[in-house]
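A.B. asks: This structure is in structure tokens; I'll ask about it shortly.
The values are calculated or read from the model by the stated rules, or taken from the named source; none is laboratory data. A quick note: this is a predicted structure, and the numbers were derived from the prediction, not measured. Cβ sites come from the backbone with ideal geometry, for glycine too, and all protein chains shown count toward neighbours.
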Amino acid sequence: MPERFTHSSEANHRPRSSHADRSADTKLVVRAPSRVLCDRRLHGLSFRVFEEDISRLTTWSITSDQPTIVVHLKGGFRRLETELSGANGNYAPAAAGEVWVVPADTRYSSLALGNIVRYAELHLDTNLITQTAGRPVPVAMQTRAGHYDAFLHRAVEQLLFLSNQPDDLAQLSADSLGQAIYLHCFREYATDTGAAPRTGRLQFSSADLVLLREFIDAHLPEPLRLSQLAALVNWKLHDFLIAFRIGFGLTPAQYIIDQRLRRARLLLLSSRRDITDIAYETGFSSHAHLSTVFRKRLGMTPREFRAAAVTQDS
């Protein structure tokens with residue numbers, strides 16, 4: 001089966017009953033409380049948008065022989081626990097624009113509780129990427145969880161809008177945008193496994209991955225050192241750097257910056273706290289430091305990000 005996504009809800013510890021079962025080659029079947037807002041096939045891309053009530057404890061899972069990217073669009077979480085690539089962990093509530101990249105043949109499962117959420121699923125056909133790009137392109141994806149992607153967020157929202165318009169020009173625009181999204185996903189998240197060094201044993205265990213993620217999350221406001229992280233899992237520094245890149249898809253510095261920015265975004269959205277206080281709490285040395293990194297990564301300042309979120313909600 002090319003792709004399978006399932007999720008279920010439970011309350012008062014009753015047995016789970018699946019309320020959605022989706023396959024790329026079978027008819028889409030969704031039962032309440034999910035609502036399908038869009039289900040469209042584009043060149044190399046299956047695009048689906050769902051709105052779902054997760055006021056009861058809800059589980060999601062994905063297994064596929066093609067990469068899948070989930071984009072959170074709207075709605076709040078009170079609880080979110082995710083397992084991806086065998087690494088369990090508690091993630092902070094998802095914010096709009098955050099993506100989860102699930103490589104082919106990788107299991108994703110998540111336990112969620114909140115209100116009404118909206119999210120998009122992008123299922124990527126790797127067989128068409130060389131033809132679309134006009135050159136050989138790596139097709140193996142990096143695992144990412146809670147990564148903010150401003151372009152993908154805006155593009156998916158626009159694709160949803162265009163797909164629901166009746167005129168032919170809107171549909172032509174949707175086809176073009178779909179191809180741009182398809183190429184963006186490979187440009188941003190593909191990794192050339194053929195060029196990777198032979199690492200042999202240089203891979204973290206699931207326990208190491210959990211330990212590192214939880215330690216970094218608990219100490220984000222503090223200075224973090226490579227030697228400190230390597231000692232935590234009892235690895236030599238050189239081997240640690242290789243294993244970290246394999247396990248997290250990023251260097252330690254890139255991962256820590258991503259997590260600090262993620263926490264800053266959540267605080268900007270969920271509170272009216274002073275931006276300088278948020279900077280200190282998330283490990284930045286000053287308001288200016290946070291603003292510089294924020295603008296470089298997101299294309300806007302923290303103040304502009306907060307204002308844009310307020311405007312969108314209203």
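A.B. asks: For the stretch 186-197, does any single residue satisfy the condition of being over 28 Å from Leu152 (Cβ atoms) and either out of contact with any Phe, Trp or Tyr (no Cβ under 8 Å at 6 or more places or on another chain) or in a helix (DSSP H, G or I) (or both)? Outline the logic, then answer.
C.D. replies: Filtering the stretch 186-197 for residues over 28 Å from Leu152 (Cβ atoms) gives 197.
Remaining after also requiring either out of contact with any Phe, Trp or Tyr (no Cβ under 8 Å at 6 or more places or on another chain) or in a helix (DSSP H, G or I) (or both): 197.
Within the stretch 186-197, one or more residues are over 28 Å from Leu152 (Cβ atoms) and either out of contact with any Phe, Trp or Tyr (no Cβ under 8 Å at 6 or more places or on another chain) or in a helix (DSSP H, G or I) (or both).
A.B. asks: Return only the number of the condition from (1) modelled with pLDDT of 85 or more; (2) more than 15 Å from the chain's Cα centre (by Cα) that Leu73 does not satisfy.
C.D. replies: So Leu73 meets the others, but not (2).
A.B. asks: Return the total of residues in the stretch 112-144 being touching a Leu at 6+ places or on another chain (Cβ under 9 Å) and of a type in the set (S, T, N, Q).
C.D. replies: 3
A.B. asks: As an exercise: evaluate Pro221 against (1) in a helix (DSSP H, G or I); (2) in contact (Cβ under 8 Å) with a residue 60 or more places away in the chain; (3) of a type outside the set (A, V, I, L, M, F, W, C) and give the number of the one condition it does not meet.
C.D. replies: Condition (1) is where Pro221 drops out.
A.B. asks: Select from the stretch 140-162 the residues that are farther than 29 Å from Arg260 by Cα and out of contact with any Gly (no Cβ under 7 Å at 6 or more places or on another chain) and list them in ascending order. Quick ask: steps written out before the conclusion?
C.D. replies: So the first thing to find is which residues in the stretch 140-162 are farther than 29 Å from Arg260 by Cα, and the list is 159-162.
Across the stretch 140-162, the qualifying residues are Leu160, Phe161, Leu162.
A.B. asks: Then there is this: Based on what the data block shows, is Ile242 of a type in the set (A, V, I, L, M), surrounded by fewer than 19 Cβ atoms within 10 Å (Cβ to Cβ) and within 21 Å of Thr106 (Cα to Cα)? Write out each step before concluding.
C.D. replies: Values: of a type in the set (A, V, I, L, M): yes; surrounded by fewer than 19 Cβ atoms within 10 Å (Cβ to Cβ): yes; within 21 Å of Thr106 (Cα to Cα): yes.
Yes, satisfied.
A.B. asks: Can you pull out the residues in the stretch 255-296 that are outside any helix (DSSP H, G or I), loosely packed, with under 15 Cβ neighbours inside 10 Å and not basic (Lys, Arg)?
C.D. replies: Taking the stretch 255-296 and keeping what is outside any helix (DSSP H, G or I), we get 271-274, 282-286.
Now restrict to residues that are loosely packed, with under 15 Cβ neighbours inside 10 Å: 271-274, 285-286.
Those that are outside any helix (DSSP H, G or I), loosely packed, with under 15 Cβ neighbours inside 10 Å and not basic (Lys, Arg): Ser271, Asp274, Ser285, Ser286.
A.B. asks: Ok, one more. Go over the candidates Gly299, Gly249 one by one and state the one that is in the same structural domain as His238 (by TED's automatic domain parsing) and touching a Ser or Thr at 6+ places or on another chain (Cβ under 9 Å).
C.D. replies: Details: Gly299 fails: touching a Ser or Thr at 6+ places or on another chain (Cβ under 9 Å).
Only one candidate qualifies: Gly249.
A.B. asks: Looking at the stretch 129-166 only, could you name the residues that are assigned to a helix (DSSP H, G or I), over 14 Å from the mean Cα position of the chain (by Cα) and modelled with pLDDT of 85 or more?
C.D. replies: We begin by selecting, within the stretch 129-166, every residue assigned to a helix (DSSP H, G or I); these are 129-133, 150-163.
Now narrow it down to the ones that are over 14 Å from the mean Cα position of the chain (by Cα): 129-133, 154-155, 157-163.
Scanning the stretch 129-166 gives Arg154, Ala155, Glu157, Gln158, Leu159, Leu160, Phe161, Leu162, Ser163.
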